[in-house]
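See structure below.
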Amino acid sequence: MGTWELSAGRPQSLLEVVVLLPASALSRSLDLPAWVLFRRSRPLPPLQDPTMPAPQCASCHKARAALRRPRSGQALCGACFCAAFEAEVLHTVVAGRLLPPGAVVAVGASGGKDSTVLAHVLRELAPRLGISLHLVAVDEGIGGYRDAALAAVRRQAARWELPLTVVAYADLFGGWTMDAVARSTAGSGRSRACCTFCGVLRRRALEEGARLVGATHVVTGHNADDMAETVLMNFLRGDAGRLARGGGLGSPGEGGALPRCRPLQLASQKEVVLYAHFRRLDYFSEECVYAPEAFRGHARDLLKMLEAARPSAVLDLVHSAERLALAPTARPPPPGACSRCGALASRALCQACALLDGLNRGRPRLAIGKGRRGLDEEGPPREPQPSRPPASEPVPDF
Ligand code: SF4
Ligand code: ZN
């Protein structure tokens, strides 16, 4: 077999389509049909030479190369690629001083490829870093999706002998689940924003779960593609405040919040998938039922087009956010404390409390993408409505 590289381009010949078919499991993880995922890294050999051997691994010079690294083009065997990937994550953590020795690290575990790879890599590195790990999973209450994903997290915890704690939106947020939020926002003009609501609540839930297990730090599995999509989304929304906060590898824990970091932030999604493949990791790859409505999908499509024209576009966007300088008038006000829960907030209420407040009053509101404007400026003003609890869900109590 020859060597292969990941590619989102259209195949140039029928032969390419044929050789791509075994890659379907990986292509699902990248949200691509199988036939556009893998392509020969060199022009295809003539049909009379179908057994062209793969080159030797450029690192160990013993095994045959199994892939060409998307970033560098280096041909590596699976073992050397995984070792290089782990070394790069170690460098990110050490150089960025993200996780000091003795840290109790809550790993946000969703069962998906990113958090699975993050947990596996950190478990490999934990003895060298002198840290201990605790998986924290969030049950958003999404029927037909989250139960299967949580089952994957439970299998990982059992296999890797890591402690696992599951926190549920319904318990933390007065009975609200994401399904209830989706029902409540249906037809309100906010129904396409489930992921924005969910992102705010999940951040809070993960913080609560981490505190529950005595963690000193929180890590999440965001990769370089996720971060580049976020930068693009913030630009497209004109959200200067989030752009200003979005740089760097995490947040140091302002206002009493636990320090957060993203050790995979410089790893491309393709390499995360390849690492999971070569380490034979068991993860959940179905898409959440609300994901197709998310604005992020447009940023993802745009990013793929940009990457096809300029392969460094993903990392360039991540680094541009780190170096972005905002005019003083565009900077968000210094954060204070939420008057209800004490969490970090740039207004009277933090985003989670404001969002729950709106839901409980039957008036869902979003603060995302509105720069320095107040929460109530989102959408046309409406008369206050009586409290409208979600059907068949416990009545929210705050
Ligand atoms: Fe939440 Fe959206 Fe992710 Fe589903 S896709 S879990 S709604 S953020
Ligand atoms: Zn609050």
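Things to note:
- Pairs meeting the criteria (first residue in region 266-291 and among the small types (G, A, S), second residue assigned to a loop (DSSP other than H, G, I, E, B) and more than 16 Å from ligand 1 (Cβ to nearest atom), beta carbons under 6 Å, at least 6 apart or on different chains) are S268/P70.
- Qualifying residues in region 96-122 (those that are closer than 21 Å to L212 by Cβ and surrounded by fewer than 22 Cβ atoms within 10 Å (Cβ to Cβ)) - the one farthest from ligand 2 (Cβ to nearest atom): G102
- Residue check for A148: within 14 Å of ligand 1 (Cβ to nearest atom), surrounded by fewer than 19 Cβ atoms within 10 Å (Cβ to Cβ) and in contact (Cβ under 8 Å) with a residue 12 or more places away in the chain: yes
- Cβ-Cβ contacts under 6 Å between residues 6 or more apart (or on different chains), taken from a first residue in region 58-80 that is farther than 16 Å from A267 by Cα to a second residue that is of a type in the set (V, I, T) and in a loop (DSSP other than H, G, I, E, B), are listed as A65/T3; A75/T3.
- Filtered residues of region 320-367 (kept if closer than 25 Å to M178 by Cα, at pLDDT below 70 and more than 16 Å from ligand 2 (Cβ to nearest atom)): R363, P364
- Counted residues, region 168-181 - those being surrounded by 21 or more Cβ atoms within 10 Å (Cβ to Cβ) and not acidic (D, E): 7
- Residue within region 105-122 that is free of Cβ contacts under 8 Å to residues at least 12 places away in the same chain, assigned by the TED database to the domain that holds D226, away from ligand 1 (no atom under 16 Å from the Cβ) and not in a loop (DSSP other than H, G, I, E, B) present: no
- Residue count, region 81-95 (criterion: free of Cβ contacts under 8 Å to residues at least 60 places away in the same chain and either closer than 29 Å to V167 by Cα or surrounded by 15 or more Cβ atoms within 10 Å (Cβ to Cβ) (or both)): 4
- Any hit, region 230-245, residues being part of a loop (DSSP other than H, G, I, E, B) and modelled with pLDDT under 95: yes
The values are calculated or read from the model by the stated rules, or taken from the named source; none is laboratory data. Fair warning: this is a prediction, and the values are worked out from it, not measured in the lab. Using ideal geometry, Cβ is built from the backbone for each residue, glycine included, and neighbour counts are taken over all protein chains shown.
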